[in-house]
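Remarks on the structure that follows.
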Amino acid sequence: MKEENNIETKRMVQGLKTSFKNFPMVPRVVYGRGSFDQLADILLPKRKNSEAPFIFLVDDFFEGTDVEKRIPWLFNDQIIFISADEEPRTDQVDALVKKIKSDFEEEPSGIVGIGGGTLLDLAKAVAILVKNGGSSTRYQGWDLVNRPASYHVGVPTISGTGAEVSRTAVLSGPERKLGINSDFTTYDQVILDPDLVGTVPKEQWFYTGMDCFIHCVESLEGTYLNAFSQSYGEKAYELCREVFLDDIGKCEAEEKLMMASWHGGMSIAYSQVGVAHAMSYGLSHILGTKHGIGNCLVFQHLHEFYAEGVALFHKIREKHGIVLPKNICTHLPVSDLEAMAKIALAMEPLWENALGKEWKDKIDVQTLISIYRKI
Ligand code: NAD
Ligand code: ZN
């Protein structure tokens, strides 16, 4: 109590007006093996009429599989298969919205994203853009969306990114890779069905799973940490340790990693990521490296920032026999390395979280280039 009074007095003396984030959460979530089959019942009351379709944006890995057969399409609903080989782009979102508007007179009843972070982000962005005019590039940034998105449902099929729970949809645009961060981005409904992740290849499982692990390390080691983020971050970290280091069964591991992804996403909602994510953005922008593997490529060399987390990362990598690609940056021209470093350093909140308010005194382009050269 005394401490609280002191903090309050300090704020008054400093004339600080505190503004706390008031962020949205996913209002409805179903969890359980086989829960994907509940999708039909979930969508039914949301159907405006038989002319207003549901649009299912589905990772093309599922084309021709049992998952495709279980998609509960009705009337003139549309299933669009999309490759996750590349991360979502603004022109891709714009083209999808244009197609939906030209294929149907009625606005859709809603958008359903089925897949990993790529499809989940794409579906969030499409849901926003069918209700908000112009190109998706207009909404990259913070709180630029004016009208609520179309009803949207997310069904993750791989665990780690936390995209199922976050208020951002990360898009690569002509000028920048930046999320549509808004209160309308968050899903209205999520279905967490661990049965859907059973087919993920081992390396991809590791890369996307390590994204979650790195979210936890960067959140827990960051200066933005608070009790809210810490409670979720610690839980996700503990689940990651069990999944990747303990000899638990496949089913238990699938279930726990799905929950780790959710908690990791919740943790960074109220804190921030850090050095690996900032530097991975640089890699992605210049070389097109995907998020999960990009984070791993950087994180392996970040001992000086996250000693314990990096040691654990290597232990996990060795246990699962994962060999990370080498010589990705070693021979790049200095101009490319400089460009990467500058993109990374432009992610100011990430550095402030990682190194504190005086971060500019602690890091520079040359230090980042020397880390990139090791990749
Ligand atoms: P992904 O969606 O890019 O998919 C990776 C690969 O796994 C693809 O080949 C895909 O076809 C395959 N795959 C997915 N599910 C599968 C399954 N069940 N069986 C077999 N193969 C399957 O992977 P990701 O790592 O989940 O997502 C990366 C994306 O997430 C990036 O675009 C990144 O920017 C984004 N991201 C978003 C947030 C957010 O909060 N919005 C956070 C982190 C990352
Ligand atoms: Zn991430």
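Below, the figures for the structure above:
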item: Members of the range 176-189 that are surrounded by fewer than 22 Cβ atoms within 10 Å (Cβ to Cβ) and over 16 Å from N146 (Cα atoms); result: R176, K177, L178, D188, Q189
item: The listed residue being within 14 Å of ligand 2 (Cβ to nearest atom), small (G, A, S) and in contact with a Leu (Cβ under 9 Å, 6 or more places away or on another chain), out of A163, A269; result: A163
item: Selected residue (only one of K250, K256 is among the basic types (K, R), open to solvent by 40 Å² or more (accessible area, probe 1.4 Å) and under 19 Å from the mean Cα position of the chain (by Cα)); result: K256
item: Matching option when the condition is touching a strand residue (DSSP E or B) at 6+ places or on another chain (Cβ under 7 Å), within 24 Å of A40 (Cβ to Cβ) and small (G, A, S), among A123, A169; result: A123
item: Scope the range 304-353; condition under 21 Å from the mean Cα position of the chain (by Cα), among the aliphatic types (A, V, I, L, M) and either within 21 Å of E238 (Cβ to Cβ) or surrounded by fewer than 15 Cβ atoms within 10 Å (Cβ to Cβ) (or both); matching residues; result: V310, A346
item: All helices (runs of 4 or more DSSP H) inside the range 262-321 with 3 or more residues being at pLDDT below 95; result: 275-287
item: Meets criteria (open to solvent by 10 Å² or more (accessible area, probe 1.4 Å), away from ligand 1 (no atom under 13 Å from the Cβ) and either in contact (Cβ under 8 Å) with a residue 40 or more places away in the chain or in a strand (DSSP E or B) (or both)) for D195; result: no
item: L57 vs. criteria hydrophobic (A, V, I, L, M, F, W, C), touching a Pro at 6+ places or on another chain (Cβ under 9 Å) and at pLDDT 95 or above; result: no
item: Of all residues making up the range 259-283, the number that are aliphatic (A, V, I, L, M) and open to solvent by 10 Å² or more (accessible area, probe 1.4 Å); result: 4
item: When residues of the range 186-209 are limited to those that are within 16 Å of ligand 2 (Cβ to nearest atom) and within 12 Å of the chain's Cα centre (by Cα), the one farthest from Q230 (Cα to Cα); result: T208
item: Lone unmet requirement of (1) in contact (Cβ under 8 Å) with a residue 12 or more places away in the chain; (2) closer than 19 Å to I191 by Cα for D66; result: (1)
item: Unmet requirement for K374, which otherwise passes all of (1) touching a His at 6+ places or on another chain (Cβ under 7 Å); (2) at pLDDT 95 or above; (3) open to solvent by less than 60 Å² (accessible area, probe 1.4 Å); result: (3)
item: Residue within the range 82-90 that is within 16 Å of ligand 2 (Cβ to nearest atom) and in contact (Cβ under 8 Å) with a residue 60 or more places away in the chain present; result: yes
item: Looking only at the range 117-137, and only at residues there that are under 19 Å from the mean Cα position of the chain (by Cα) and open to solvent by 10 Å² or more (accessible area, probe 1.4 Å), the one that is nearest to K177 (Cα to Cα); result: T137
item: Answer residue from the range 154-175, given it is open to solvent by less than 20 Å² (accessible area, probe 1.4 Å), within 8 Å of ligand 1 (Cβ to nearest atom) and not in a loop (DSSP other than H, G, I, E, B) and is farthest from L39 (Cα to Cα) among those; result: A169
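The values are calculated or read from the model by the stated rules, or taken from the named source; none is laboratory data. Here the structure is a predicted model, which is why all the values come from computation and not from measurement. Counting neighbours? That spans all protein chains shown, and the Cβs are built from the backbone with ideal geometry, glycine included. Keep in mind that these areas ignore ligands, DNA and RNA; they rest on the heavy atoms of the full protein, side chains included. Shrake-Rupley method; radii C 1.70, N 1.55, O 1.52, S 1.80 Å.
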